Protein chains: 2
Amino acid sequence: MTDYVDIIRRKRDGEELAAADIEALIEGLMEGELPDYQAAAWLMAAFLEGLSLAETRVLTRAMIASGEVLDLSRLGRAVLDKHSTGGVGDKVTLVLAPLVASCGAVFGKMSGRGLAHTGGTIDKLESIPGFRTTMEAEEFIALLEETGICVAGQSPRLVPADDRLYALRDVTATVDSNPLTAASIMSKKIAAGADVVVLDVKVGRGAFFHSKGQALGVAHLMRSLGEEEGIEVLPVLTAMDQPLGHAVGNALEVLEAVATLRGEGPDDLVEVVTTLAAKLLVHAGLGWDYERAAREAGERLENGAALAAFRRWIAAQGGETAFIDDPSRLTPASLGKVEVRAPTAGWVSSIDALAVGRAVHALGAGRSRKGEPVDHAVGVVIAAKTGDEVAEEDLLATVYARTREQGEAAAAAVASSYTISGEEVTPPPVVLAYQLH
Amino acid sequence: MTDYVDIIRRKRDGEELAAADIEALIEGLMEGELPDYQAAAWLMAAFLEGLSLAETRVLTRAMIASGEVLDLSRLGRAVLDKHSTGGVGDKVTLVLAPLVASCGAVFGKMSGRGLAHTGGTIDKLESIPGFRTTMEAEEFIALLEETGICVAGQSPRLVPADDRLYALRDVTATVDSNPLTAASIMSKKIAAGADVVVLDVKVGRGAFFHSKGQALGVAHLMRSLGEEEGIEVLPVLTAMDQPLGHAVGNALEVLEAVATLRGEGPDDLVEVVTTLAAKLLVHAGLGWDYERAAREAGERLENGAALAAFRRWIAAQGGETAFIDDPSRLTPASLGKVEVRAPTAGWVSSIDALAVGRAVHALGAGRSRKGEPVDHAVGVVIAAKTGDEVAEEDLLATVYARTREQGEAAAAAVASSYTISGEEVTPPPVVLAYQLH
């Protein structure tokens, strides 16, 4: 019988655990032999004492071994995937997936639902009537073969140990750990069969990481975990001080994604999407270098090819596509529509993404507990972004809420999230760091 | 609703928690609102990040508030108590209680049962046929009034939070924490109504603490916690490298206690007992200083007064007293009696108390899980102690076991616990440090 107390004690004392120890913990967790309170004590010891790279690798593999692993080799092509550490207004996947597919690559992603102040891609996609995100592995693979794109909800058959462990981390203040986070993300990416993963590491006040140093730490760790398994992990650090693009809220973000695919996207979103796309496409077996990949991607946003791929994708996953040509089909909540206006003239010097994210979450766009429904119709559209010059009473943002009262509350929060300066402000960069290859 | 995750997070980040935080944790634990996994995460964070003196005081008080508190004021006299951090062959309470009572003081103690390699006083007392350790508070007080002595099992009505917390610490590798340990012990002492507590802090390879520095840390902490509540805590550091006295095992230790009360005790045990007794008696309201207290205690071991108090005590708690005059009434297990003999001539330079304690535990004298029965008849009697000169084949120790096989195994372990040197060895000191007042 495994002596779990001894394993916990050794981690508590800062020792590096053996592979057999970590495997025993994960097996014990899955077989119900490791009680939650012992897992929690180990998690806190691991949080505070850290995990070595070797331990993190073993943890990643042990979590993968807890469930099924997708074999995408019959596609005969590199499968591209993307992970974001979570941001406000982050609709990048909705644009990136059809964009790289329109270039001839295959994009397959299993995605989580949102928690806290950042929304989840699956929640956004489910704004589209009929769109299905729950499917068996066979259908996931068939969709990749058919359209070159599939974005599905995380399969409970893949890495079930991570579900258990994450649920426990969430209630024991052990979420913000680089090795635990890296193992969690990479185990799912590896199990889902990706060959190349672009990692959008958000940095700033609306993000999980508040400094580039923290973000680079987890990015390098995930790159190492990927290397071990023959997976190319491509980290890109992007800014998350203000919301990305203009729209924050499920359906509103889908509409902004469509506008972007039509060549009418906001600059910051377009820059992030083309950077991530180019990074992926270099590894898609097309023979493109970074410059060419960026150019080809930019062209497909302009010439309708990316939008056409989006239309095929949405239809293939059962979604109604009428909203693509008629945005009024995804009407935002209008009973509580409230405009936020500039209290003074000047330049927008910052918009607190965390505050905006929380305001939209409070409107019902996000969930506080797993399993709660989300409201697709509520949100905020940012009119003036950081660096924009505004006159007094100019529109800063529009809130879409279910009731006037909720709208007013969100409007007040959004108003407070703005800082307006008397001095001219340069728009901040959005892509902070990446490697060309 | 209390945000337990936030409390855990703050402790994890090394913050000092507010009184309300700690009170909320203990209340949540008792009301079933704080799940074990969150309590476990908090315990590990507290273990690794530490608790301030203020936090430890609040924790102590919150644990006391979880149950009843004994009011011993109607006795009109200082109630003396003693706590040992646990050692091998530690029968000190069995001698100390009647000794201080024979001097006219009141000794009242609630005691735990043994776990791991050190035995518990209650287990030892229960070797005596008929002896009752389970009683209500009223009877505890009545016995103190009647005979001046009572040693009862820990009442589940006192400090129930400690039972819950300790059970969790035991399985999450969070036992060896000075603040958690000090709060656990002192909450029970305070709730049981003691006025003066002598603290026998064992130091050495058979003890919880392996260095004087570690032991002093917890001793000072407990002294501070006591001061806050108007309780005098008197720490004495004593050696626990080799077993204390000769006997290790429940009934064997009772018999050695009787011999000591008869003035025939081993030197080390007599020294510890008289030191602890003198420390207590200075605070018993008798007007004695330390020198006089030590002298008076020594006399009562010699003149039969302490033995007479022992007899009254045992009878008052329902025990048969015939064994006091006829030790054969507490016969040790003899089917597996095995002698351990010196493999070579020389001086005993060490006897590993931990190894002896574990060997006796393995014979059945101790328990590995709460609630398991213990065997009162098994144990080891050490014949040659550290510093003794032995010839080849001289008796080192005698094992009393239920079967020959068990006896042989224990004998091998006891033999290995001995180191014999070719050079003369000075017997080590047993009382390492104490303050005179």
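Residue by residue, here is whether (1) crowded, with 23+ Cβ neighbours inside 10 Å; (2) touching a Ser or Thr at 6+ places or on another chain (Cβ under 6 Å) holds:
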position: A:VAL106; (1), (2): yes, no
position: A:THR134; (1), (2): no, no
position: A:GLU138; (1), (2): no, no
position: A:ALA161; (1), (2): no, yes
position: A:ARG164; (1), (2): no, no
position: A:THR172; (1), (2): yes, no
position: A:ASP176; (1), (2): no, no
(Q) What pairs come out if I take residues in the stretch B:162-176 that are within 11 Å of chain A (Cβ to nearest Cβ) and pair them with residues that are of a type outside the set (D, E, K, R) and part of a loop (DSSP other than H, G, I, E, B) whose C-beta lies under 6 Å away, six or more apart or interchain? (A) B:ARG169/B:VAL175
Q: Starting from the stretch B:199-224, keep only residues that are assigned by TED's automatic domain parsing to the domain that holds B:HIS83, then list their pairs with residues that are buried (at least 16 other Cβ atoms within 10 Å of the Cβ) and among the acidic types (Asp, Glu) whose Cβ atoms are within a distance under 7 Å, requiring at least 6 positions of separation or different chains.
A: B:GLY204/B:ASP241; B:ARG205/B:ASP241; B:ARG205/B:ASP352; B:GLY206/B:ASP241
**Q.** Top-ranked residue in the stretch B:287-331 [being of a type in the set (Phe, Trp, Tyr) and surrounded by 18 or more Cβ atoms within 10 Å (Cβ to Cβ); ranked as farthest from B:ALA101 (Cα to Cα)]
**A.** B:PHE323
Q) Hey, any hits in the stretch B:112-123 for a residue that's at pLDDT 95 or above and away from chain A (no Cβ under 14 Å)? A) no
Q | In the stretch A:372-386, residue nearest to the chain's Cα centre (by Cα) [restricted to those that are surrounded by 15 or more Cβ atoms within 10 Å (Cβ to Cβ) and more than 18 Å from A:ALA257 (Cα to Cα)] | A | A:VAL374
Q: Kindly check whether there is at least one residue in the stretch A:68-83 that is of a type in the set (Gly, Ala, Ser), surrounded by fewer than 21 Cβ atoms within 10 Å (Cβ to Cβ), assigned to a loop (DSSP other than H, G, I, E, B) and more than 14 Å from chain B (Cβ to nearest Cβ).
A: yes
Q) With the stretch A:387-437 as the region, which strands (runs of 3 or more DSSP E) entirely inside it contain at least 2 residues that are modelled with pLDDT of 95 or more and not polar (S, T, N, Q)? A) A:395-400, A:418-421
Q: List the number of the failed condition for B:PHE208; all other conditions in (1) in contact with a Ser or Thr (Cβ under 6 Å, 6 or more places away or on another chain); (2) buried (at least 23 other Cβ atoms within 10 Å of the Cβ) hold.
A: (2)
Q | Hits in the stretch A:306-345 (condition: modelled with pLDDT of 95 or more, hydrophobic (A, V, I, L, M, F, W, C) and outside any helix (DSSP H, G or I)) | A | A:VAL338, A:VAL340, A:ALA342, A:ALA345
Q | Set B:LEU34, B:LEU51: member being within 14 Å of chain A (Cβ to nearest Cβ), touching a residue at least 12 places away in the same chain (Cβ under 8 Å) and of a type outside the set (S, T, N, Q) | A | B:LEU34
Q: State yes or no: is A:LEU59 modelled with pLDDT of 95 or more, within 14 Å of another protein chain (Cβ to nearest Cβ) and under 26 Å from A:ALA173 (Cα atoms)?
A: no
**Q.** Options A:LEU216, A:LEU199: the member that is buried (at least 23 other Cβ atoms within 10 Å of the Cβ) and either at pLDDT below 90 or at negative phi (or both)
**A.** A:LEU199
Q: Consider only pairs whose beta carbons are under 7 Å apart and that are at least six residues apart or on different chains; among these, list those whose first residue lies in the stretch B:305-319 and is of a type in the set (D, E, K, R) and whose second residue is part of a helix (DSSP H, G or I).
A: B:ARG311/B:ILE324; B:ARG312/B:THR147
(Q) Can you confirm whether A:LEU280 is surrounded by 22 or more Cβ atoms within 10 Å (Cβ to Cβ), touching a residue at least 40 places away in the same chain (Cβ under 8 Å) and more than 30 Å from A:THR398 (Cβ to Cβ)? (A) yes
Q: Only residues that are not polar (S, T, N, Q) and not in a helix (DSSP H, G or I): list them for the stretch B:265-305, please.
A: B:GLY265, B:PRO266, B:VAL282, B:HIS283, B:ALA284, B:GLY285, B:LEU286, B:GLY287, B:TRP288, B:ASP289, B:GLY304
Q. Within the stretch B:267-287, can one find any residue that is more than 16 Å from the chain's Cα centre (by Cα), acidic (Asp, Glu) and at pLDDT below 95?
A. no
Q.
It is to be established whether one or more residues within the stretch A:52-64 are polar (S, T, N, Q) and surrounded by 22 or more Cβ atoms within 10 Å (Cβ to Cβ).
A. yes
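Results for (1) within 14 Å of chain B (Cβ to nearest Cβ); (2) among the basic types (Lys, Arg); (3) closer than 30 Å to A:GLY265 by Cα; (4) surrounded by fewer than 16 Cβ atoms within 10 Å (Cβ to Cβ), shown as yes or no for each residue.
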| residue | (1), (2), (3), (4) |
| --- | --- |
| A:ASP13 | yes, no, no, yes |
| A:ALA24 | no, no, no, no |
| A:GLU27 | no, no, no, no |
| A:LYS91 | no, yes, yes, no |
Q: Would you check which residues across the stretch B:99-153 are over 24 Å from B:VAL272 (Cα atoms) and either assigned to a loop (DSSP other than H, G, I, E, B) or not assigned by TED's automatic domain parsing to the domain that holds B:VAL254 (or both) and list them?
A: B:PRO129, B:GLY130, B:PHE131, B:ARG132, B:THR133, B:THR134, B:MET135, B:GLU136
Q. Quick one: how many residues across the stretch B:145-181 are hydrophobic (A, V, I, L, M, F, W, C), more than 20 Å from the chain's Cα centre (by Cα) and within 20 Å of B:ILE64 (Cβ to Cβ)?
A. 2
Q) Across the stretch A:346-376, what is the total count of residues that are in a strand (DSSP E or B) and not hydrophobic (A, V, I, L, M, F, W, C)? A) 3
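The values are calculated or read from the model by the stated rules, or taken from the named source; none is laboratory data. Note that the coordinates shown come from a computational prediction; the quantities given were computed from them, not determined experimentally. Glycine gets a Cβ as well: all are built from the backbone with ideal geometry, and neighbour counts include every protein chain shown.
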